[in-house]
Amino acid sequence: MSTQSTTQLTITRPDDWHLHLRDGAALEAVVADTARQFARAIIMPNLKPPVTTTEQALAYRDRILQALRKAGGNPDAFTPLMTLYLTDNTSAEEIRNAHASGQVYAVKLYPAGATTNSDAGVTDLLGKCTKALEALEKCGMPLLVHGEVTDPAIDVFDREAIFVERVMKPLRRAFPALKVVFEHITTKEGAEYVRDAEGPTAATITPQHMLYNRNAIFQGGVRPHWYCLPILKRETHRLALVEAATSGSPRFFLGTDSAPHARGLKEHACGCAGCYTALHAMELYATAFDAVGKLDKLEGFASFHGPDFYGLPRNTGTLTLVRETYQVPAELAFGNTTLVPLAAGEALAWRAHA
Ligand SMILES: [Zn+2]
């Protein structure tokens, strides 16, 4: 496809396979943004306290749909796909209950201390979680992995590459039939690992990691709205991620990792990690695919590869992207404070019409 001449693109309605919605007023402020563009989203369980049981996941699901209704969205047109937060103590029975509920679709591994609200995370995956992993493998439910080691001796820019060697490879060997999604990959090592790994292995890729390298964090001063975890990497890695996402390989699919934090907690002496992209996710992805002339690969990445990997039906609705200027708002309402979206104030060349 000659991308430059494309002025409009209609694709099967996409899903977001990695999303943070938070809770309470924050949830109410952001949930309608996701529901506008996506039919389904995998909801991250790192609340305070974390969502570790099916009962908690189902209650959270209800709060999400209530918040969507309150925000003027249509709860019948959006399905939250719930997840459990894996801990050292997650039992096989809890996994079986989660699967049997029909509302929980995955379990998330956070290495203890890796990111926002991950203190309850796993300290030793293959030492302490084998029963839970066996149960997951057996019921065909994916393990979603935050793939960074948390060893403070490892450079923050190297934590994903080291994780591949220390955790992903032994995990793959120990549980060859387990579905594993390496979430928000950020490196060439991560992309190549997923491309070549044996067994059912996939990865999500965020818009920020396709559009920016680490220079964006420091351009003209420290820019906290470009700070996320895993952190942006150097240009060689960004190019590898763009290549993976636009390759057409069914192992790579859309996961925004959109993570709202109040403006004051980003612009802070110890600012939170996370980029807010739910508002304009498809505009950002279209920009990234268009930049390399691969708009024809966007639908597979955004709408087919995810449900195919999870074993869910593809969506039936559509979403249309039009080549027209979209001005990213400078900030958004967020409870009694504000939220700054990624690329605030900038102009993008694509606009989504849901
Ligand atoms: Zn995340």
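The figures follow:
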{"item": "Of residues in region 37-53 being more than 17 Å from the chain's Cα centre (by Cα) and away from the ligand (no atom under 16 Å from the Cβ), the one nearest to residue 276 (Cα to Cα)", "result": "49"}
{"item": "Long-range neighbours under 6 Å by Cβ, at least six apart or interchain, first residue in contact (Cβ under 8 Å) with a residue 40 or more places away in the chain and on the phi > 0 side of the Ramachandran plot within region 183-207, second part of a loop (DSSP other than H, G, I, E, B) and not polar (S, T, N, Q)", "result": "184/257"}
{"item": "Which numbered condition residue 270 misses (of (1) outside any helix (DSSP H, G or I); (2) within 16 Å of the ligand (Cβ to nearest atom))", "result": "(2)"}
{"item": "Region 257-270, residues that are over 8 Å from the mean Cα position of the chain (by Cα), of a type in the set (D, E, K, R) and under 25 Å from residue 204 (Cβ atoms)", "result": "266"}
{"item": "Subset of region 104-117 [open to solvent by 30 Å² or more (accessible area, probe 1.4 Å) and within 15 Å of the ligand (Cβ to nearest atom)]", "result": "113, 115, 116, 117"}
{"item": "Unique residue being of a type outside the set (Asp, Glu) and in a loop (DSSP other than H, G, I, E, B) when the list is 261, 209, 237, 225", "result": "261"}
{"item": "Region 164-184: number of residues that are outside any helix (DSSP H, G or I) and open to solvent by 50 Å² or more (accessible area, probe 1.4 Å)", "result": "2"}
{"item": "Single match in 120, 35 (criterion: open to solvent by 10 Å² or more (accessible area, probe 1.4 Å), touching a helix residue (DSSP H, G or I) at 6+ places or on another chain (Cβ under 9 Å) and of a type in the set (A, V, I, L, M))", "result": "35"}
{"item": "Residue 231 being free of Cβ contacts under 8 Å to residues at least 40 places away in the same chain and touching a helix residue (DSSP H, G or I) at 6+ places or on another chain (Cβ under 8 Å)", "result": "no"}
{"item": "Region 111-127, residues that are part of a loop (DSSP other than H, G, I, E, B), in contact (Cβ under 8 Å) with a residue 40 or more places away in the chain and within 19 Å of residue 165 (Cβ to Cβ)", "result": "114"}
{"item": "Any hit, region 153-166, residues being touching a helix residue (DSSP H, G or I) at 6+ places or on another chain (Cβ under 7 Å) and within 16 Å of the ligand (Cβ to nearest atom)", "result": "yes"}
{"item": "Residue in region 41-64 that is assigned to a strand (DSSP E or B) and not small (Gly, Ala, Ser) present", "result": "yes"}
{"item": "Options 298, 284, 254, 319: the member that is more than 17 Å from the chain's Cα centre (by Cα) and buried (at least 22 other Cβ atoms within 10 Å of the Cβ)", "result": "319"}
{"item": "In region 338-352, residue least open to solvent (accessible area, probe 1.4 Å) [restricted to those that are over 23 Å from residue 217 (Cα atoms) and part of a strand (DSSP E or B)]", "result": "352"}
{"item": "Pairs where the first residue, in region 128-146, is open to solvent by less than 50 Å² (accessible area, probe 1.4 Å) and the second is part of a helix (DSSP H, G or I) and within 16 Å of the ligand (Cβ to nearest atom), C-beta under 9 Å, 6+ apart", "result": "145/163; 146/163"}
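The values are calculated or read from the model by the stated rules, or taken from the named source; none is laboratory data. Note that the structure is a prediction, hence the values are computed from the model and not measured. No Cβ is skipped: glycine too gets one built from the backbone with ideal geometry, and neighbour counts run over all protein chains shown. Note: areas computed on protein heavy atoms with side chains; ligands, DNA, RNA excluded. Shrake-Rupley method; radii C 1.70, N 1.55, O 1.52, S 1.80 Å.
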